[in-house]
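The next block holds one structure in the form of structure tokens; read it before the comments.
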Amino acid sequence: MSSEESRAGKAARIRAILDAEGEAVAANARHLNDRRYEAIDELGAERYEELRETVRGIKEDAIDRLPELLATVEAAVEDNGGEVYVADDAADATDYIESVCAGLDAESVVKSKSMTTEEIGVNEALEEAGVAVHETDLGELVIQLADETPSHLIGPGFHKSREEIARLFNERFDPEEPLETADELTAFARDYLADRIDEADVGMTGANFVVAETGTIALVTNEGNARKVIESTNHHVAVTGIEKLLPTLESLRPFVELIGRTATGQSAAIYNTLVSGPVNSPPVPFGDPDAERTFHLVLIDNGRRAMREDPDLRETLYCIRCGACNNSCANFQSVGGHAFGGETYTGGIGTGWEAGVHDLESAGGMNDFCTGCSRCEPACPVKIDIPWLNTVVRDRVNRGADPGEFDFLVEGLVPDDEHGGIDRQKRFFGNFPTLPSRERSWSRCSASTPAVTCRHSAARRSSSGSRHAGPSHPGSRSGRPSSIPTPTRTT
Amino acid sequence: MNVGRGKAAVRALEALGVAVTVPTLPPSGRAPLSQGMVSTAQERASGLYAAVVDHLRAGKDLVVVEPSTLAMFRNDYEHLLPAERFDSLADNSYEVLEYVFGLVENGADSEVLAGPGGDRDRAVVYHPHCQQRTLGLDAHTVGVLEALGYDVVTSDVECCGMAGSFGYKSEYYELSVDVGRALGSQLREEAGRRVLASGTSCTDQIDSLLDRDPVHPIEFVAPSRA
Ligand code: SF4
């Protein structure tokens, strides 16, 4: 296929997604983005920056000490009466989870939302093994019923309008009275899911954070389904990436303070659940109080240890998957994660995850949607340089491509230092400022050079600078960041 | 190349008492960097540094009109240049209205700049370039405009959708237009206001979205040609 044909194909695919999902995605992403600005304003720019610095430092340290933290968490969870399994890859993880379910003669599993289980394909593996899997997060339930994939890191059903969800429920469940309003849909789902949870043998959750010292998993949700899944079943399997480890319970606090704000614009999520090993409360409702209760923590490597060794991709491991980089991205707001997404992960940071846990092909397919506009940078609670990650992955994709058959025979004849396989469109735009002006007369140059220099140091940024100033919402007409530099005149 | 805004920058700075040199500089490397051509961008960064180093050593400040170029100096070059070169460029480069803001804050006479009055409207709507906002420098433009007496409304879309070369690529054209629609409708809501935009690609995008003849803020506030 020529690249022209594939460009036309890509344009058609984007058009189809824009038509089908654009409206719902735009409304949801912009809404969460606006709420994030409000929540950060409420927190105050200074406190926000302080927290970001703190959590960034904790993450850098935790990834640095990962082998040590893994050993600590194994011992702590075992002390609590649970088990830890570190899975090398997706197949290793699903084999283990299948064997846990088989050992319990489990017929059905209820799950709360987890992108990591999407990454390793748990649902498919268990269903193949004859175990029924029911998603209990509303968005995940919608996606499961529709047989689709998540379109957002925290809002899997982001791309569906209420009308579409009502149609789906009415088709699937054929209720006596057709469902219509959000309240009706939620009430129906609640009853339906309560029955699934009652029947289930195993409860599966992800983990937003894992505290190594105490063997505690932290779950942040708004529906309370994670807690219900854990309390109502005798056997809890928590599945998460090894990068979620934090050293101490105390180091968890600033993350909890930030994640609700950057994810959904809430000062705190509704349910913050801490679980250390098998729960010892009696199962609800009416469970056997003497039943044995077990806890399995499955920590997934699946490329993460290699990412840790990769100086560019390593930063991805600091990600707490809040979705702020999805919501703050203008392109994402238009097309959502079914275009700007790889096999599992979506939006700006999705590129880093896909390159690390899947492959360059998956990352390369989504990478072009990052234009480097940099608006995700101040949105990211852990200060990941997401545009740079996308640039690095793009460079790797360029280098990974085979030199095209019509490429220059001698690489030295081209105006850049790039590998011969680079896409010709990229080479054209990359060398744009060096083209003779006739060739670019159809457009104004977008890469201008600095215009003026002056002789006197007449303006200076204050040392606090504004280089990493927090986002100030420009929607408020007078809203200016408090960090306007106060230059000192020296002439 | 859009020379109007460069000339306006010189006029404004000279009126404020700054001695201005306009050097001929090679490209910053933004274009290859945006295409993932990291080693080419690295070459460009070194070339640019070599071309300005004498000016920097002579104690001059580097004032930049295009926000995406300034973002190279202050952010991206961190990945492309040795630390001390990056630091010296980052510390000594300024966005043009950031610089004007600093001059005025420190006592330069803003009367020499063009304020509202006569046939100039008081009401403006400003779309800051995405990278300028990330650098926290949209506030300086708003600050200068307000100090001059303008009534400023700022757009709150994250990006104009053109994003350098993105909107020129055939496969992304429709997406770029869709993204631009959000900006278009905000600008339309402020129908009576003069449209200001700080990025070249933003200006292009707005030009193709509506018939409002957007200008760079420095062209707007610079004293008219003598
Ligand atoms: S990269 Fe940052 S903003 Fe994006 S999901 Fe991860 S933590 Fe959130």
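Using the heavy atoms of the protein chains and a 1.4 angstrom probe, tell me the accessible area per residue for region B:101-226 in square angstrom. Don't skip to the answer; put the middle values down first.
On the way: 4340 Å² over 126 residues.
Roughly 34 Å² per residue, with all protein chains present.
Could you please put B:Tyr173, A:Tyr271 in sequence from largest to smallest accessible area, using a 1.4 Å probe? Before the final figure, lay out the partial values.
Values: B:Tyr173 130, A:Tyr271 70 Å².
Ranking B:Tyr173, A:Tyr271 by accessible area, largest first, yields B:Tyr173, A:Tyr271.
When you count, for each residue, the other Cβ atoms within 10 Å and take the mean per peptide, how do A:37-45, A:347-355 rank with the highest first? Walk me through the intermediate numbers first.
Working: A:37-45: 17.7, A:347-355: 29.9.
Sorting A:37-45, A:347-355 by mean packing, highest first, produces A:347-355, A:37-45.
Which order do B:Asp211, A:Asp191 take by accessible area at a 1.4 Å probe, largest first? Mind showing how you got there, number by number?
Values: B:Asp211 155, A:Asp191 100 Å².
Result of the area sort, largest leading: B:Asp211, A:Asp191.
A:Glu250: net charge of surrounding residues, Cβ under 15 Å, Lys/Arg +1, Asp/Glu -1, itself excluded?
On the way: positive: A:Lys59, A:Arg253; negative: A:Asp61, A:Glu213, A:Glu257.
It works out to a net charge of -1.
Apply the Kirkwood formula to chain B: the hydrodynamic radius equals the inverse of the mean of 1/r over all pairs of different alpha-carbon atoms; give it in Å with one decimal. Write down the numbers at each step before the final one.
Values: mean 1/r = 0.0548 Å⁻¹.
Answer for chain B: a Kirkwood hydrodynamic radius of 18.3 Å.
Taking just the alpha carbons, could you work out the radius of gyration and Dmax for region B:2-84, both in angstroms?
13.7, 41
Would you mind giving the mean number of other chain beta-carbons within 10 Å of the Cβ of each residue in A:380-391, as a whole number?
On the way: counts 0, 0, 0, 0, 0, 4, 0, 7, 6, 0, 2, 9.
Counting other chains' Cβ atoms within 10 Å and averaging over A:380-391 gives 2.
Let me know the Kirkwood hydrodynamic radius for region A:280-387, please, with Cα pairs as the basis and the value in Å to one decimal. The partial results should precede the final answer.
Details: mean 1/r = 0.0642 Å⁻¹.
Its Kirkwood hydrodynamic radius stands at 15.6 Å.
Quick one: what are the phi-derived ³J(HN,Hα) couplings along region A:87-102, Karplus 6.51/-1.76/1.60 with θ = phi - 60°, whole Hz, x for glycine and proline?
9, 5, 8, 4, 5, 4, 5, 5, 4, 5, 4, 4, 5, 4, 5, 5
What Kirkwood hydrodynamic radius do you get for region A:32-305 when you take the inverse of the mean 1/r over all pairs of distinct Cα atoms, in Å?
Working: mean 1/r = 0.0512 Å⁻¹.
Kirkwood hydrodynamic radius for region A:32-305: 19.5 Å.
Semi-axes of region B:114-221's equivalent ellipsoid from the Cα gyration tensor, sqrt of 5 times each eigenvalue, largest first, rounded to whole Å?
Details: eigenvalues 121, 42, 23 Å².
They are 25, 14, 11 Å, listed from largest to smallest.
How big a patch of accessible area, both sides summed and in Å² to the nearest 100, lies buried between A and B at a 1.4 Å probe? Mind showing how you got there, number by number?
On the way: alone 24260 and 11310 Å², together 27860 Å².
Rounded to the nearest hundred, the buried surface is 7700 Å².
Over the protein assembly as shown, with a single point scatterer placed on each C-alpha, what log10 of the ratio I(q)/I(0) does the Debye formula yield at q = 0.06 1/Å?
Evaluating at q = 0.06 Å⁻¹ gives log10 I(q)/I(0) of -0.38.
Just to check I understand the Karplus step: with θ = phi - 60° and J = 6.51 cos²θ - 1.76 cosθ + 1.60, what whole-Hz values come out for region A:261-270, glycine and proline as x?
Values per residue, Gly and Pro as x: 6, 6, 7, 10, x, 9, 5, 8, 5, 5 Hz.
Relative contact order of region A:32-305, please, whole-number percent, based on alpha carbon pairs below 8 angstrom and at least 6 residues apart. Mind dumping the intermediate values first?
Details: 463 pairs, mean separation 80.0, N = 274.
For region A:32-305, the relative contact order is 29 percent.
Taking all protein chains in place and a 1.4 Å probe, what share, in percent, of the accessible surface of the protein assembly as shown do carbon and sulfur account for? Please report the intermediate quantities before stating the final value.
Working: 13200 of 27860 Å².
Ligands and nucleic acids excluded, carbon and sulfur give 47 percent.
Once you average over the residues of B:61-69, how many Cβ atoms of partner chains fall within 10 Å of each Cβ? Walk me through the numbers on the way to the answer.
Working: counts 9, 5, 7, 6, 5, 7, 0, 6, 6.
What the average comes to for B:61-69 is 6.
Over region B:3-99, what relative contact order in percent results from Cα pairs under 8 Å that are six or more residues apart? Kindly include the intermediate steps, with their values, before the conclusion.
On the way: 89 pairs, mean separation 25.4, N = 97.
That works out to 26 percent.
How many Cβ atoms of partner chains, on average, are near each residue of B:41-47 if near means within 10 Å of its Cβ? Intermediate results must be reported in sequence, preceding the final value.
Values: counts 5, 1, 2, 5, 0, 0, 0.
If you average over the peptide's residues, the count of other-chain Cβ atoms is 2.
Could you sort the peptides A:194-207, A:316-329 by per-residue average Cβ neighbour count (10 Å cutoff), highest mean leading?
Listed from highest to lowest mean packing, they are A:316-329, A:194-207.
Do you know the relative contact order of chain B, to the nearest whole percent, from alpha carbon pairs under 8 angstrom that are 6+ apart? Don't skip to the end; give the middle numbers.
Values: 312 pairs, mean separation 50.1, N = 226.
Reported as a whole number, the value is 22 percent.
Over region B:3-99, average the accessible area per residue using a 1.4 Å probe and give it in Å², no decimals.
On the way: 2990 Å² over 97 residues.
Normalised by residue count, the accessible surface of region B:3-99 is 31 Å².
D for region B:61-108, whole µm²/s, Stokes-Einstein with Kirkwood Rh over alpha-carbon pairs at 4 °C and 1.567 mPa s: what number?
Values: Rh = 11.1 Å.
It comes out at roughly 116 µm²/s.
Between region A:206-285 and region B:132-211, how far is it from one alpha carbon centroid to the other, in angstrom?
Rounded to whole Å, the Cα centres lie 41 Å apart.
Using the Kirkwood radius over C-alpha pairs as Rh, can you work out the diffusion coefficient of region A:72-176 via Stokes-Einstein at 4 °C, viscosity 1.567 mPa s, in µm² per second? Spell out each step's value before the answer.
On the way: Rh = 15.6 Å.
D, rounded to a whole number, is 83 µm²/s.
Please report the equivalent ellipsoid semi-axes of region A:8-123, computed as sqrt(5 x eigenvalue) of the Cα gyration tensor, largest first, in whole Å.
Working: eigenvalues 248, 163, 46 Å².
Over the Cα atoms of region A:8-123, the semi-axes work out to 35, 29, 15 Å.
The values are calculated or read from the model by the stated rules, or taken from the named source; none is laboratory data. Because the structure is a prediction, the values reported are computed rather than measured. Cβ atoms come from the backbone with ideal geometry, glycine included; neighbour counts cover every protein chain shown. Heads up: the accessible areas ignore ligands, DNA and RNA and are worked out on the full protein's heavy atoms, side chains in. Shrake-Rupley method; radii C 1.70, N 1.55, O 1.52, S 1.80 Å.
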